[in-house]
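What follows is calculated from the coordinates using simple rules that are stated; it is not laboratory data. Keep in mind it's a predicted model, so treat the numbers as computed, not measured. For neighbour counting, all protein chains shown are included, and Cβ atoms are generated from backbone atoms with ideal geometry for every residue, glycine included.
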Amino acid sequence: MKDKIISFILISIIIGITGVIGLLGYAIYTEISKEGTIEINFEGDTGFPSIEFIPSNNNSIGTMLDDEMFEGVDKTSSANSGNTTTSTTISPKHSRYFYKQLDDTAKIIYTKLYENKENLKTGTYKIDFENTFQTLLSKENGDAELKIQYQSAIEALVYENPDIFYIDVTKMYINIEKITKITGVRYNVFIDNGNEISYLADGFYSKEDVEEYENQINQAKNQIIAKINGMNDYEKIKTIHNYLIDSIEYEEDLNQNNIYDIYGALVSKRCVCEGYAKAFQYLMNEIGIENTIVIGVGTNSKNQTENHAWNYVKLNGQWYAVDVTWDDPIITGGGKLTNKARYEYFLKGSNKMNENHVASGRFTENGKSFKYPDLSEQDYE
């Protein structure tokens, strides 16, 4: 009998200890640290972002965009990161030239943002990445690596998708939650607007504002595309080049809204070189002609070097340069615009462009060095 009592007591003690351990397992000490804000300031004519400090974070799961070009074809793919797998259907109309050059982590970040571009129109939508980057953040300097990957993803997203013109990435904050449990450490990551009212670009206050601007852009786009039905690719490129020259006025007041984006180019019809280049890029995307925007510097007719943006476009298997801005010179004191001036930078090869254009693979001082396609040496004939 005595032995039974002792056994009962021992069993009770063991059960009690097990219960305490179980309760401790649910006790969570949470340490939340906001890793920082992306400081991106547009400098000069082109609005090249200068990211002084990049936040950390990351992204989500989601599907990685396909590396090839699809015109009206649904492509389903999936990405597995951490403990979560999701899939989605994406139908890009153009090849994602910068996306292809991203590391896998940055591709996940890019994709998560791209998949949420409709939600981003609210300016306050919170993008959760949960524990997608648990493995990376558990490594030494993992947060620093994630910041680098985030910066690369943001740069590729902004310069590859001119239709996402309504966000201001300087108002988007990356946050890391470090959650410490008795069983280990877990990291949650999310992007939000922090203490900002929203991360919408200046001039936008709601999703309705964004959609109204989109409707106007679509109307302008449809009118342009209607003009090129039945044309071959060369004729389409030339017609769009000429339309932009004829309709846009170069904006010298850099304090105006939308001068760096497609709304300024296609609706307001006033923009700087980045607006010209993004409008050309946007329209090429819409008609399925492979292209990319190019950021760099140009030496103008006064022998002054300035930040500049232009385009590369692929025609008959070769890449050529198109600089719509410099084919639309500002004429002062009267004068006549000749055809030579109008097409001086239309479908040019590297021999011509290298005279006064220098492409930079870095959109920001500390950003990823992207590569551009190799231009044909000779102009298109």
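Gap in Å between the Cα centre of segment 123-158 and the Cα centre of segment 165-205?
10
What's the ranking of 200-210, 290-300 by average number of surrounding C-beta atoms within 10 Å, highest first? Mind showing how you got there, number by number?
Values: 200-210: 16.4, 290-300: 20.1.
Put in order of decreasing packing, that is 290-300, 200-210.
How far, in nm, would the chain grow between Glu118 and Gln304 when pulled straight, counting 0.36 nm per residue and subtracting the alpha carbon separation? Show your work: numbers first, answer last.
Values: separation 186, 0.36 × 186 = 66.96 nm, distance 4.08 nm.
Gain on extension, Glu118 to Gln304, equals 62.9 nm.
If packing is taken as the average number of other Cβ atoms within 10 Å across a peptide's residues, how do 211-218, 358-365 rank, most packed first?
Working: 211-218: 14.9, 358-365: 16.9.
Most protected by this proxy first, the peptides run 358-365, 211-218.
Would you work out which of Tyr312, Tyr213, Leu254 lies farthest towards the positive end of the dipole of segment 207-359, given +1 charges on the beta-carbon of Lys and Arg and -1 on that of Asp and Glu, about the Cα centre?
Of the candidates, Tyr312 comes out farthest on the positive side.
Taking the Cα centre of segment 134-230 as origin, sum charge times position over the Cβ atoms of Lys and Arg (+1) and Asp and Glu (-1), and report the length of that vector in debye to the nearest 20.
Dipole size: approximately 420 debye.
Please rank Ile262, Ile224, fewest neighbouring Cβ atoms within 10 Å first, as an exposure proxy.
Working: Ile262 26, Ile224 20.
By the 10 Å Cβ count, ascending: Ile224, Ile262.
For segment 207-359, how big is the tail of P(r) above 20 Å, as a whole percent of Cα pairs? Intermediate values should be presented prior to the final figure.
Numbers: 5645 of 11628 pairs.
Of all Cα-Cα distances in segment 207-359, 49 percent exceed 20 Å.
Answer rounded, prolate or oblate for segment 264-321, using the Cα gyration tensor with square roots of eigenvalues a ≥ b ≥ c: rounded when a/c is under 1.5, else prolate when a/b is larger than b/c, else oblate.
On the way: a/c = 3.12, a/b = 1.27, b/c = 2.45.
It is oblate, given that a/c is not under 1.5 and a/b is not larger than b/c.
Within 10 Å of each residue's Cβ, count the other Cβ atoms and sort Phe133, Phe370, Phe190 from fewest upward. Could you put the intermediate results ahead of the total?
Details: Phe133 28, Phe370 22, Phe190 18.
Listing Phe133, Phe370, Phe190 from fewest to most nearby Cβ atoms yields Phe190, Phe370, Phe133.
Please give the Cα centre distance for segment 227-277 versus segment 351-381, rounded to the nearest Å.
Using only Cα atoms, the two centres lie 21 Å from each other.
Considering only the other residues whose Cβ falls under 10 Å of the Cβ of Asn351, what net charge follows from Lys and Arg at +1 and Asp and Glu at -1?
-1
Quick check on my link table: of Lys139/Lys207; Lys112/Lys227; Lys112/Lys314, which ones sit more than 32 Å apart, alpha carbon to alpha carbon?
Numbers: Lys139/Lys207 39 Å; Lys112/Lys227 35 Å; Lys112/Lys314 28 Å.
Violating the 32 Å Cα-Cα cut-off are Lys139/Lys207; Lys112/Lys227.
Arrange the peptides 319-327, 251-259 so that the one whose residues have, on average, the most other Cβ atoms within 10 Å appears first.
Numbers: 319-327: 24.0, 251-259: 14.7.
Ranking the peptides 319-327, 251-259 by packing returns 319-327, 251-259.
How far apart, in nanometres, would the label points at Asn195 and Ile182 be if each is projected 7 angstrom from Cα along the Cα-to-Cβ direction?
Result: 3.8 nm between the two label points.
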